[in-house]
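Since the structure comes first, as structure tokens, the remarks are kept for the end.
The numbers here are math on the coordinates, done by the rules we state, and not lab data. The structure presented is a predicted model; accordingly, all values stated were derived computationally and were not measured. Glycine gets a Cβ as well: all are built from the backbone with ideal geometry, and neighbour counts include every protein chain shown.
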């Protein structure tokens, strides 16, 4: 009897405490008004995102840690993340094996020039498809989508023959000229992005400019292209990264000279130990592993730096472009 | 009277021509490029797939085969059909994983919290790394494992529930799941951009009507995202299609330089492969188109 009374009393107190104004405020802070603005929700959000971020970063960390290990650390299974002794040997070997300054220049020239050209040509084509009168517009748009779908493997041999007839093989023009004609890397996708962007612009702008007597060319370069700055940035960055990373095409077209970094990485094994020539490709070789990881790190370093500088504008640019409508 | 009508007609035609002229001028580089670098190679490659192609000094020698290359791919080749089927199984697993993962991450990144831009940058980083060579280097070293796979001994469990042959595929996909998730950078961006098209007033309205966040996700966010989901599914399929470690592509490339098969046979293989993926893409487009239509009818 007595204990029951006591329980009721305590229960009443607890209820009072729970419904008091303070408690409500505390609850508001912890749980929030809607799902996303409570402390608890934020905590869960951070934890989940951090776990995934760790999974994302793990291969990168692996790359760096392996690049700094010497051979005995690599062979020792007890050494997992932090090498016993940091060695810069791999890095210098990779620098030499890749012929880094030379290859870096090649890759940079190739990706920057091709991307710039591609931005301009794709913007023009996209503008024509979005706003200008073009015969068979539907068919042409379908063909643009087709160019995006066709895998390079299907057409690589005919292209090789065409390029060798034109005398473009093993020069940067093998990528620059297709880009000039709107057939660069994933150009179909970029044309569609521009088309989408220009279609979303209000038509009154063009009408006003036309009434003022501006020609189409002037209208495009004076008004529409500057308007499309964010789309241009997005396309340029994507294009830059994809040109930087491309592997299949240059392995065919630039095998002998003007070799970019990605191809040099492939040939690194042969450079490091010429005695094993041939069958060293897909084998895990602990002796060269560190050097390879160092080389891989050196390859992705420049785009990371570029991206770090442009990241803010990039993400907001994608949101503003309305790429996906 | 007649002449003036003719005149007007001619003038109209001239005007039309002039209008087409500027449009065509803008399109011209692309059209020339398309003929030179897409149409001719495609036609050539189709032609080669019906031939036995031999490299002789000064060019190619063609030997008409009809459909023999295509028949051989399924009847004589004991690697190609198996690899094709295995890869399609893997693809059917990988596409949903990538798209759902991207959707979840995009949802989280769309919330407002301090340090958001840092996380956003982080989740785009994979696009930079996902290069053919760096990626395959990492695969070879086994950097893509998730630790819990060995720790909890998942393999017998998977074999028990999924059974035999398919279990191998599942384990293969699970074993590289991190690197597969690396392929979701672009998809996350597309979803984030897609969320911006949903007006915040709708969320406000349903909240006043008493909907929980859970409801508003299923009733508003998800339906509004259907076009972006379909876009992402298509993008993922195309992206995986040219995945650097794709065994089918490797087989095609190997056959290219074999003496007895050569370019003709490898082009036939490539077209078969493309045909399969094209059917898959068409199917996805059709499904999403239908779901959009029924939704429109219902509303």
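Model label points for residue A:211 and residue B:6, set 7 angstrom from Cα along the Cα-to-Cβ axis, are 3.8 nm apart. Computed from the C-beta positions of residue A:137 and residue A:61 and an R0 of 41 Å, the FRET efficiency is 0.25 to the nearest 0.05.
Model label sites at residue B:278 and residue B:62, defined 7 Å from Cα along the beta-carbon direction, differ in position by 1.9 nm. Once the C-beta distance of residue A:112 and residue A:223 is scaled by a Förster radius of 30 Å, the resulting FRET efficiency is 0.70 to the nearest 0.05.
Quick check on chain A: what are the equivalent-ellipsoid semi-axes from the Cα gyration tensor, as sqrt(5λ), descending, whole Å?
49, 39, 16
Computed per residue of chain A from DSSP H runs no shorter than four, each worth -39500 (n - 2.57), the mean residue ellipticity at 222 nm is -23500 deg cm²/dmol. Length gained on full extension, residue A:165 to residue A:4, computed as 0.36 nm times the residue gap minus the Cα-Cα distance: 48.1 nm.
Using a simple spin-label model with pseudo-atoms 7 Å out from Cα toward Cβ, residue B:226 and residue B:47 lie 4.6 nm apart. Among A:223, A:263, A:112, the largest mean-square fluctuation in a Gaussian network model of chain A (Cα springs under 10 Å) belongs to A:223.
Estimated at 0.36 nm per residue, the fully extended path between residue A:313 and residue A:301 surpasses their Cα-Cα distance by 2.3 nm. Fully extending the segment from residue A:89 to residue A:146 would add 15.8 nm, taking 0.36 nm per residue of separation and subtracting the current Cα-Cα distance. Its convex hull of Cα atoms gives region A:99-266 a direction-averaged projected area, equal to a quarter of the hull surface, of 10.8 nm². With contacts taken as Cα pairs under 8 Å at a separation of at least 6 residues, region A:63-218 carries a relative contact order of 27 percent.
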